[in-house]
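What follows is one structure encoded as structure tokens, with my remarks underneath.
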Amino acid sequence: MKSYIPNFLTLLNVLSGCIATVFAVLNQLEWAALFVFIGIFFDFFDGLAARVLKVQSEVGVQLDSLADVITSGLVPGVVMFQLLNMAERGGWNLGIFGHGTEMTVLPFFGFVITLASAYRLAKFNVDENQVSSFVGLPTPANALLILSLPLILLYHNNELLNGVILNPWFLVGLTILSAYLLNSPIALFALKFKNWSFKDNGVRYLFLIGSLIMLLTLKFLAIPLIIVFYILASLLIPEKNGK
């Protein structure tokens, strides 16, 4: 029975992604973000469970990436669609995909994130070098970056930040940057501890401590800064094995 536990956790990730997609389509982005966070939680623990129980399987690897396409690929694309739509319309409650208003092409550009995420996950499944580290930004990290934007709008309510986030040029630029980072050749460390030694995991410990401090002090505004911190910290420790 224990061999089914990791796959069950992965299926909970799929379910979370499906629910998040519905909320994102309804433009209830706070709830979409919540279920993406829940899905990423399951995404972390399904792999951990497989390693602890020693029941890794090829089916589990494929299922994990399929789940990530939904939770960390489709949902961020829909959220970027909604943000671009809001940037053009100047409002929040715009209905389902702009229902009742004239549609424009620009919001669909947000799905570049979905395409880039799917391509990255496909490459990950056949790349034998991405074992103890990643090549390119992991899709869950990218999803957190995109999902942080509506949360910053809702909870920080800063006029300057709102103006930046709902600027179409900023959102288009972020979409392009997101697609690049997902498939970039940059080696990034994974939060996988082979032991608890600070000598072997110093950067990981510093990253976790720094991230916790930023979350406690800056709340949702900390998420983009943590992603930047993650990339910069990774550049300090080149790793040969690099989701």
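The values are calculated or read from the model by the stated rules, or taken from the named source; none is laboratory data. These figures come from a predicted structure and were not determined experimentally. Note: ideal-geometry Cβ built from the backbone for every residue, glycine included; neighbour counts use all protein chains shown. Note: accessible area is taken over every heavy atom of the protein model, side chains too, but ligands, DNA and RNA are not part of it. Shrake-Rupley method; radii C 1.70, N 1.55, O 1.52, S 1.80 Å.
Averaged per residue, what accessible area in Å² does the chain show with a 1.4 Å probe, protein chains only? Working shown, then result.
Numbers: 12580 Å² over 243 residues.
Each residue of the chain exposes 52 Å² on average to a 1.4 Å probe.
With all protein chains present, how much of the accessible area of the chain (probe radius 1.4 Å) comes from carbon and sulfur, to the nearest whole percent? Spell out each step's value before the answer.
Values: 9060 of 12580 Å².
Carbon and sulfur together cover 72 percent of it.
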(request) Please work out how many pairs of lysine residues in the chain are eight or more positions apart (or on different chains) and have Cα atoms closer than 20 angstrom. (result) 10
(message) Starting from the 7 Å offset along Cα-to-Cβ, what nm value, one decimal, do you get for the label separation of Ile186 and Leu106?
(response) 2.6
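With a 10 Å radius around each residue's Cβ, average the other Cβ atoms per peptide and rank 24-33, 215-224, 11-20, highest first.
Values: 24-33: 19.8, 215-224: 15.6, 11-20: 21.6.
For the peptides 24-33, 215-224, 11-20, the packing ranking is 11-20, 24-33, 215-224.
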(request) Work out how far the C-alpha atoms of the chain reach from end to end along every principal axis, then list the three figures in whole Å, largest first. (result) 53, 37, 30
(request) Determine the calculated [θ] at 222 nm for the chain from helices alone, applying -39500 (n - 2.57) to every DSSP H run no shorter than 4 residues and normalising by the residue count; nearest 500 deg cm²/dmol. (result) -22000 deg cm²/dmol
(request) With label points built 7 Å along Cα→Cβ from the Cα atoms of Val22 and Val126, find their separation and express it in nm. (result) 3.5
(request) Give the share of C-alpha pairs in each 10 angstrom bin for region 1-117, from 0 to the last occupied bin, in whole percents, shortest bins first. (result) 15, 39, 26, 14, 6, 1
(message) What's the magnitude of the charge dipole for the chain around its Cα centre, counting Lys and Arg as +1 and Asp and Glu as -1 at the beta-carbon? Answer in Debye, nearest 20.
(response) 620
(request) Of the options Val59, Ile113, Leu84, report the single residue whose Cα projects farthest towards the positive end of the charge dipole of region 1-128 (beta-carbon charges: Lys, Arg +1; Asp, Glu -1). (result) Val59
